[in-house]
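J.: To start, I am sharing the structure in question, which I have written as structure tokens.
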Amino acid sequence: MTNMVNSNAGSHSNRLKLASFNLFNYIEPPLAFYDFENIYSAEQWQKKQAWLADFLGQHQPDVIGFQEVFSAAALEQQMRLAGYEHFAVVDEPTVIDDYICRDPVVALSSKYPIIEVCAIEAKPEYVHALGLDTGFSFSRKPLRASVNLPQIGVCDIYVVHFKSKRPHLDGLPQPQFTQAPASTSAAPLVNFGELLGRNSLGQWASSVQRGSEAALLFQSMLQRRIETGYPMVLMGDFNEELTSSVLSALTTRELRFEKEGYDQLANYPLTDAYKLFQQGLTDLFGLKDADETVPANLETNFEASFEDPALEQQLLAKARASRAPTHYYGAYGSVLDYLLLSADFDPSFDKSVAEVCDYHTEDRHLVNPSFERDSQSSDHAPVICTLRIRT
């Protein structure tokens with residue numbers, strides 16, 4: 001594993017990078033994930049760590065949230081070697097038979113001081129109000145770390161890994177099988193209609209869990225925002241596209257049937273960092289859609305507005321391109337990993353302190369993989385956004 005010590009502010013003193021990375025079974029041997037056969041060899045573990053080290057060296061995020069962490073101590077050690085002095089974790093995986101692990105956790109590493117860490121718990125009164133079982137809890141405990149960011153101050157950064165789309169079948173009756181004729185030794189016949197129905201119920205149960213997690217977390221975030229006024233960042237693997245109604249609570253920005261208070265309400269919504277990046281460059285160059293011709297005076301605008309015209313050309317191209325998926329199920333790609341930002345990072349908000357000046361999805365290992373380089377990488381693409389702090 002490469003030992004990389006990077007400067008904690010990158011090449012620009014007014015830039016800050018945030019990243020979210022589903023590590024896909026980050027587990028140190030001889031521990032196994034889910035099954036006794038799933039133990040990395042020494043070579044596989046070294047490649048797993050090397051891939052993360054290369055990612056950190058190339059992109060140098062200042063704060064990074066992780067999902068699918070089994071070996072938090074090993075991750076903390078690797079991150080410290082890479083120059084990340086601050087680490088937070090609020091839960092631990094379940095260990096079965098001494099070495100088989102399930103229920104991975106989330107974690108956060110930062111180059112800047114973490115002044116407070118806590119796990120987000122579902123409040124019983126809200127659980128009851130939603131009609132959920134009294135034993136409801138987050139499938140993975142969300143983490144909140146209050147990080148003291150340069151020129152911004154304390155910022156509450158939340159790391160999540162919402163419930164997956166895998167059908168949640170706990171509590172459903174066991175499937176019924178049709179008995180084979182007594183004269184044969186054939187196994188019972190599967191009732192595929194019943195299995196389809198159970199799968200439909202299980203998928204809906206997972207959606208209910210995932211949507212409830214999102215709504216309960218957002219409620220907790222808003223309460224914290226009211227108490228402290230700190231900027232907020234929500235990052236992680238949402239296991240659902242943000243446009244889905246299941247996650248609608250996270251980006252709601254209106255009070256239905258309420259006509260007052262719009263000015264005050266602007267302080268609370270979360271916005272997709274990618275959307276802020278696109279909107280910022282679109283506003284800068286006056287582009288109305290992705291197909292519009294680049295203005296003839298574009299180079300002049302770049303020279304007048306930016307330090308590096310070539311870089312800004314690349315950023316404009318990114319803003320006009322289709323958003324890259326962060327996960328593939330077969331041939332179908334979807335965006336499951338997000339960075340959501342409070343109004344403090346939205347230039348349209350009169351009290352904003354920073355703006356999104358770049359956004360990147362590191363998907364080479366998904367769309368153009370190399371076995372030697374990527375065999376122990378991840379089934380998700382990390383996402384990175386760069387903030388330009390207003391001075």
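The values are calculated or read from the model by the stated rules, or taken from the named source; none is laboratory data. Owing to the predicted nature of the structure, the values given are computational and were not obtained by experimental measurement. FYI the Cβ positions are ideal-geometry reconstructions off the backbone, even for glycines, and counts take in every protein chain you see. Ligands, DNA and RNA are stripped out before the accessible areas are found, and what is left, the full protein with its side chains, is counted by its heavy atoms. Shrake-Rupley method; radii C 1.70, N 1.55, O 1.52, S 1.80 Å.
J.: Consider residue 54 carefully, then state whether it is within 23 Å of residue 376 (Cα to Cα) and open to solvent by 30 Å² or more (accessible area, probe 1.4 Å).
T.: On the way: within 23 Å of residue 376 (Cα to Cα): yes; open to solvent by 30 Å² or more (accessible area, probe 1.4 Å): yes.
It is true that residue 54 is within 23 Å of residue 376 (Cα to Cα) and open to solvent by 30 Å² or more (accessible area, probe 1.4 Å).
J.: Quick check on the range 232-241: of everything there that is of a type outside the set (S, T, N, Q) and surrounded by 22 or more Cβ atoms within 10 Å (Cβ to Cβ), which residue is nearest to the chain's Cα centre (by Cα)?
T.: Step one: list which residues in the range 232-241 are of a type outside the set (S, T, N, Q), which gives 232-238, 240-241.
Imposing the further condition that a residue be surrounded by 22 or more Cβ atoms within 10 Å (Cβ to Cβ) reduces the set to 232-238, 240.
Working: 232: 14, 233: 10, 234: 8, 235: 4, 236: 2, 237: 4, 238: 6, 240: 11 Å.
Step by step, filter the range 232-241, then rank; the result is 236.
J.: For residues in the range 143-176 being in a loop (DSSP other than H, G, I, E, B) and under 20 Å from residue 335 (Cα atoms), which is modelled with the highest pLDDT?
T.: To start, the set of residues in the range 143-176 that are in a loop (DSSP other than H, G, I, E, B) comprises 150-152, 162-176.
Applying the additional criterion that residues be under 20 Å from residue 335 (Cα atoms) yields 162-167.
On the way: 162: 96, 163: 92, 164: 87, 165: 81, 166: 80, 167: 74.
Looking at residues that are in a loop (DSSP other than H, G, I, E, B) and under 20 Å from residue 335 (Cα atoms), I get 162.
J.: Please go through the range 107-135 and give me each residue that is open to solvent by less than 30 Å² (accessible area, probe 1.4 Å) and assigned to a loop (DSSP other than H, G, I, E, B), ordered by number. If you could, list the steps in order and put the result at the bottom.
T.: Start the filter on the range 107-135 by keeping residues that are open to solvent by less than 30 Å² (accessible area, probe 1.4 Å), which leaves 107-112, 120, 122, 127.
Once the filter is applied, which keeps residues that are open to solvent by less than 30 Å² (accessible area, probe 1.4 Å) and assigned to a loop (DSSP other than H, G, I, E, B), the range 107-135 yields 111, 112, 120, 122.
J.: Against the conditions (1) under 18 Å from the mean Cα position of the chain (by Cα); (2) closer than 19 Å to residue 61 by Cβ, where does residue 150 fall short? Just the number, please.
T.: Answer for residue 150: the failing condition is (1).
J.: A follow-up question, please. Could you please find all residues in the range 138-160 being open to solvent by less than 10 Å² (accessible area, probe 1.4 Å) and not aliphatic (A, V, I, L, M)? Write out each step before concluding.
T.: If we filter the range 138-160 for residues that are open to solvent by less than 10 Å² (accessible area, probe 1.4 Å), which is where we start, we get 142-143, 145-147, 149, 155-160.
Of everything in the range 138-160, those that are open to solvent by less than 10 Å² (accessible area, probe 1.4 Å) and not aliphatic (A, V, I, L, M) turn out to be 142, 146, 155, 156, 158.
J.: Could you run through the range 71-106 and say how many residues are open to solvent by 10 Å² or more (accessible area, probe 1.4 Å), outside any strand (DSSP E or B), in contact with a Phe, Trp or Tyr (Cβ under 7 Å, 6 or more places away or on another chain) and hydrophobic (A, V, I, L, M, F, W, C)?
T.: 0
J.: Tell me which of these residue 244 doesn't satisfy, since it passes every other one: (1) more than 25 Å from residue 154 (Cα to Cα); (2) out of contact with any Asp or Glu (no Cβ under 9 Å at 6 or more places or on another chain); (3) at pLDDT 80 or above; (4) buried (at least 17 other Cβ atoms within 10 Å of the Cβ).
T.: For residue 244, the exception is condition (4).
J.: Now for a separate question. Would you mind listing the strands (runs of 3 or more DSSP E) fully within the range 319-360 where at least 1 residues are open to solvent by less than 20 Å² (accessible area, probe 1.4 Å), modelled with pLDDT of 95 or more and over 13 Å from residue 379 (Cβ atoms)?
T.: Per the criteria, 337-341.
J.: Given the conditions (1) open to solvent by less than 20 Å² (accessible area, probe 1.4 Å); (2) over 16 Å from the mean Cα position of the chain (by Cα), and given that residue 223 satisfies all but one, which numbered condition is not satisfied?
T.: Status for residue 223: all satisfied but (1).
J.: What is the residue count in the range 18-38 for residues that are in contact (Cβ under 8 Å) with a residue 40 or more places away in the chain and either in contact with a helix residue (DSSP H, G or I) (Cβ under 7 Å, 6 or more places away or on another chain) or of a type in the set (A, V, I, L, M, F, W, C) (or both)?
T.: Taking the range 18-38 as the starting set, the residues that turn out to be in contact (Cβ under 8 Å) with a residue 40 or more places away in the chain are 18-28, 30-36.
Cutting the leftovers down to either in contact with a helix residue (DSSP H, G or I) (Cβ under 7 Å, 6 or more places away or on another chain) or of a type in the set (A, V, I, L, M, F, W, C) (or both) gives us 18-19, 21, 23-24, 26-28, 31-33, 36.
Counting residues in the range 18-38 that are in contact (Cβ under 8 Å) with a residue 40 or more places away in the chain and either in contact with a helix residue (DSSP H, G or I) (Cβ under 7 Å, 6 or more places away or on another chain) or of a type in the set (A, V, I, L, M, F, W, C) (or both) gives 12.
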